[in-house]
Amino acid sequence: MPVTVEGIKAFAAEFDPQPPHLEEEAARRTFFGGLVASGWHTAAVTMRLIVDSDLGLAGGAAGMAVDSMQWRLPVRAGDALRVEGSVTETRPSRSRPESGVVKFRVTTFNQRDEAVLVATHVVLVARRSV
C-alpha cells in the first residue's frame, strides 16, 4: 500500500497533529530529518492490510488486545507497505464456548524489506464446527 504526502498530512491533521507529520520544514529540523507518517498512521495501514489479507478476519473477529506494538523505522512518503503475519496461538474461549481466541504476530515491511512495525494482536473468532 503506497504512502503519500497527502495521506500522511491528512491522517496527522485528524489524529496526530504534530510537526513531523504535518509541516515539511518543521519536520526537517527533527531527528527524522523530514516528513514522516505518524506511528498510528502506520498501525492503521497495517490494520487495513490485515483486513484485506487472507487471514479471514474481515467482519469475523473482534479485537481483544494488542499485546505489543513496536515502531522500528519511520514511514515516509513514497514508501510502499506490505504485511506478513503468522498465527502464534489458538485456544477455545473460556467464557464463550462458540468462540476461540487467536493470537497472531504481524510485521509491516517497506519496499526495501525493512521492518517498520511489529505487533502481536489477540482476537476473538467464531469456532469451526467439529
The lone exception for ARG105 - which of (1) under 30 Å from THR30 (Cα atoms); (2) at pLDDT 95 or above it fails = (1)
With respect to the numbered conditions (1) closer than 30 Å to VAL87 by Cβ; (2) surrounded by 15 or more Cβ atoms within 10 Å (Cβ to Cβ); (3) charged (D, E, K, R), which one is the sole condition not fulfilled by ASP54?
-> (2)
Name every residue in segment 92-130 that is hydroxyl-bearing (Ser, Thr, Tyr) and more than 29 Å from HIS41 (Cα to Cα), in order of residue number.
-> SER93, SER95, SER99, SER129
Reported set for segment 99-114 where residues are closer than 14 Å to ALA80 by Cβ and free of Cβ contacts under 8 Å to residues at least 60 places away in the same chain is PHE109, ASN110, GLN111, ARG112, ASP113, GLU114
Across (1) under 25 Å from GLU24 (Cα atoms); (2) open to solvent by 70 Å² or more (accessible area, probe 1.4 Å); (3) within 16 Å of the chain's Cα centre (by Cα); (4) not aromatic (Phe, Trp, Tyr), GLY63 clears everything bar (1)
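The values are calculated or read from the model by the stated rules, or taken from the named source; none is laboratory data. Predicted model, so just to flag it, every value in this text is computed and none were measured. Here Cβ is always computed from backbone atoms with ideal geometry, including for glycine, and neighbour counts include all displayed protein chains. The area values use the complete protein model at the heavy-atom level, side chains included, leaving out ligands, DNA and RNA. Shrake-Rupley method; radii C 1.70, N 1.55, O 1.52, S 1.80 Å.
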